[in-house]
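One structure below.
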Ligand code: SAH
């Protein structure tokens, strides 16, 4: 294995289990590794520190292990089993009997596997490699998934063409690494807290669905009964479906992508049971009864640890979807038309250089939403930009609120779900942040 020696005093972060070695910390490389090779990292004094994938760029090594040998035959099976244990610990695996059969199985650094994302959609694993090392390891990862899940695995789809480093000149073509005999589906209806969502992993954005918002969608469901809801940047309508099935009076969904809007409409239909009433039980054995709730909740409901039951959206509920720019839509919206808004834009800043403009965009967007929401209304506002930390985001929303002159309180601070864990040694992994605002 190629040896990478660090400069004097540059081993501190690795000793604190940070998973990256920056190129500026490297003193000497013994050998000439190809991008994606597994290398050993040593202190200036020659002490072994960790091993990981060699990269070209500002991050020279992404650490796979501080002790185990990543080239050992069981490395990938162990790593995936450990990731699965986290999802088991928070009830997501058992939840497949209670209305949730999709979750993030591997969340990069948060699972000790920098550069690897795997989402689980009821037996279909969608893999995205963000590094050459992970892309080259995809065959072994697929074999490990087969070993860990056995018959429960229906397919492994590699969707790395948009995520692996294009400068590496790899031949990036998305496709199936594995399909169980007879499995030919290219999309599936999955369940999240009893709600149904059509996921097309081949054509959808990212891996097909934004799993990180599951808990925040449930929170929207908690507050949506009787309210008029505007879901901006709705994608396939995750928040819209929770609002509808919680008894919202009106749900308007806005996204600039025509494909997304057509999926919103299909998802609304899926969740509207014929004749109304409770969603019919699933025959697949995936959905079971949800914990019983108290039916539609009054607007003044106190904060209690119980969510309203998912009921089938009724045909009387008004819902519209608009393929439009969200900011243009907000500008045209009359003040007070909505009393619950969701603002969940794409990452405005993908790197540090874009931060200043991104913060301006977040401020403009939030000011427009806060200005338009009805008195006593709620705004769920999010940022998924990794380079915008939660304090900077809160300050930006503060400036937006001040711009409107309205009285605004923070009711809740929101983040990504537990299947998107953050390594305590890599706080940068906490990328999704949100605030629930009460606007007087
Ligand atoms: N809230 C969604 C995820 C949002 S992802 C969920 O729960 O699933 C961000 C979405 O914003 C994408 O669907 C993208 O198509 C949309 N988008 C990007 N720019 C936009 C714009 N200017 N106006 C409206 N939608 C936009």
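The condition of being away from the ligand (no atom under 16 Å from the Cβ), modelled with pLDDT under 50 and either on the phi > 0 side of the Ramachandran plot or touching a helix residue (DSSP H, G or I) at 6+ places or on another chain (Cβ under 6 Å) (or both) holds for residue 277.
Restricting the search to the stretch 2-53, which residues are surrounded by fewer than 16 Cβ atoms within 10 Å (Cβ to Cβ), in contact (Cβ under 8 Å) with a residue 60 or more places away in the chain and at positive phi? Result: 17, single match. The residues listed here are 133, 99; of these, the one that is in a loop (DSSP other than H, G, I, E, B) and either in contact with a strand residue (DSSP E or B) (Cβ under 7 Å, 6 or more places away or on another chain) or surrounded by fewer than 23 Cβ atoms within 10 Å (Cβ to Cβ) (or both) is 99. It is to be established whether one or more residues within the stretch 365-378 are within 22 Å of the chain's Cα centre (by Cα) and surrounded by fewer than 17 Cβ atoms within 10 Å (Cβ to Cβ). There is no residue in the stretch 365-378 that is within 22 Å of the chain's Cα centre (by Cα) and surrounded by fewer than 17 Cβ atoms within 10 Å (Cβ to Cβ). Residue pairs whose Cβ atoms lie under 7 Å apart, separated by 6 or more positions or on different chains, with the first residue in the stretch 244-266 and under 20 Å from residue 218 (Cβ atoms) and the second in a helix (DSSP H, G or I) and more than 9 Å from the ligand (Cβ to nearest atom), are 244/268; 245/221; 246/221; 251/243; 251/244; 253/264. Residue pairs whose Cβ atoms lie under 8 Å apart, separated by 6 or more positions or on different chains, with the first residue in the stretch 315-329 and part of a loop (DSSP other than H, G, I, E, B) and the second more than 8 Å from the ligand (Cβ to nearest atom), are 315/272; 315/276; 317/244; 317/247; 317/248; 317/249; 317/250; 317/251. I need the full set of residues from the stretch 170-184 which are more than 23 Å from the chain's Cα centre (by Cα), outside any strand (DSSP E or B) and modelled with pLDDT of 95 or more, in order please. Residues satisfying the conditions are 180, 181, 182, 183, 184. The single condition from (1) touching a residue at least 24 places away in the same chain (Cβ under 8 Å); (2) surrounded by fewer than 19 Cβ atoms within 10 Å (Cβ to Cβ); (3) closer than 19 Å to residue 109 by Cβ that residue 71 fails is (3).
Give 198, 230 a once-over and let me know the one that is in a strand (DSSP E or B) and either over 22 Å from residue 330 (Cβ atoms) or at pLDDT below 95 (or both). Walk me through it before giving the result.
Details: 230 fails: either over 22 Å from residue 330 (Cβ atoms) or at pLDDT below 95 (or both).
The unique qualifying residue is 198.
Here residue 148 passes the criteria (1) crowded, with 17+ Cβ neighbours inside 10 Å; (2) within 30 Å of residue 216 (Cβ to Cβ); (3) touching a strand residue (DSSP E or B) at 6+ places or on another chain (Cβ under 8 Å) except the one numbered (3).
Could you go through the stretch 74-85 and let me know if any residue there is within 18 Å of residue 134 (Cβ to Cβ), loosely packed, with under 15 Cβ neighbours inside 10 Å, in contact with a helix residue (DSSP H, G or I) (Cβ under 8 Å, 6 or more places away or on another chain) and at pLDDT 95 or above. Yes: one or more hits.
Kindly evaluate residue 221 against the criterion of being outside any loop (DSSP other than H, G, I, E, B), more than 16 Å from the chain's Cα centre (by Cα) and surrounded by fewer than 21 Cβ atoms within 10 Å (Cβ to Cβ).
No; evaluated as a whole, the condition is false for this residue.
In this structure, does residue 214 turn out to be more than 10 Å from the ligand (Cβ to nearest atom), within 23 Å of residue 416 (Cα to Cα) and part of a helix (DSSP H, G or I)? No: the conditions fail for residue 214. In the stretch 346-365, the residue that is nearest to the ligand (Cβ to nearest atom) out of those that are under 20 Å from residue 403 (Cα atoms) and in contact with a strand residue (DSSP E or B) (Cβ under 9 Å, 6 or more places away or on another chain) is 365. Is it true that residue 316 is away from the ligand (no atom under 15 Å from the Cβ) and modelled with pLDDT under 95? It is true that residue 316 is away from the ligand (no atom under 15 Å from the Cβ) and modelled with pLDDT under 95.
All conditions but one from (1) within 12 Å of the ligand (Cβ to nearest atom); (2) crowded, with 24+ Cβ neighbours inside 10 Å; (3) more than 13 Å from the chain's Cα centre (by Cα) apply to residue 208; the one that does not is (3).
Just checking, does the stretch 240-255 include any residue being more than 14 Å from the chain's Cα centre (by Cα), within 30 Å of residue 173 (Cβ to Cβ) and near the ligand (Cβ under 10 Å from one of its atoms)? Within the stretch 240-255, one or more residues are more than 14 Å from the chain's Cα centre (by Cα), within 30 Å of residue 173 (Cβ to Cβ) and near the ligand (Cβ under 10 Å from one of its atoms).
Of all residues in the stretch 323-345, those satisfying the criterion of being under 22 Å from residue 221 (Cβ atoms) and in contact with a strand residue (DSSP E or B) (Cβ under 6 Å, 6 or more places away or on another chain) are 326, 338, 339, 340, 341, 342, 343, 344. Against the test of being touching a strand residue (DSSP E or B) at 6+ places or on another chain (Cβ under 9 Å) and closer than 15 Å to residue 113 by Cα, the options 69, 74, 78, 11 yield a single qualifying residue, 69. Applying the criterion of being touching a helix residue (DSSP H, G or I) at 6+ places or on another chain (Cβ under 9 Å) and part of a loop (DSSP other than H, G, I, E, B) to the residues of the stretch 330-344, the residue that is farthest from the ligand (Cβ to nearest atom) is 336. For the stretch 112-124, check the following and say yes or no: at least one residue is at pLDDT below 95, over 21 Å from residue 261 (Cα atoms) and within 16 Å of the ligand (Cβ to nearest atom). No, the stretch 112-124 contains no residue that is at pLDDT below 95, over 21 Å from residue 261 (Cα atoms) and within 16 Å of the ligand (Cβ to nearest atom).
The values are calculated or read from the model by the stated rules, or taken from the named source; none is laboratory data. No experiment lies behind these values; they were computed from the predicted model shown. Every residue, glycine among them, receives a Cβ derived from its backbone with ideal geometry; neighbour counts consider all protein chains shown.
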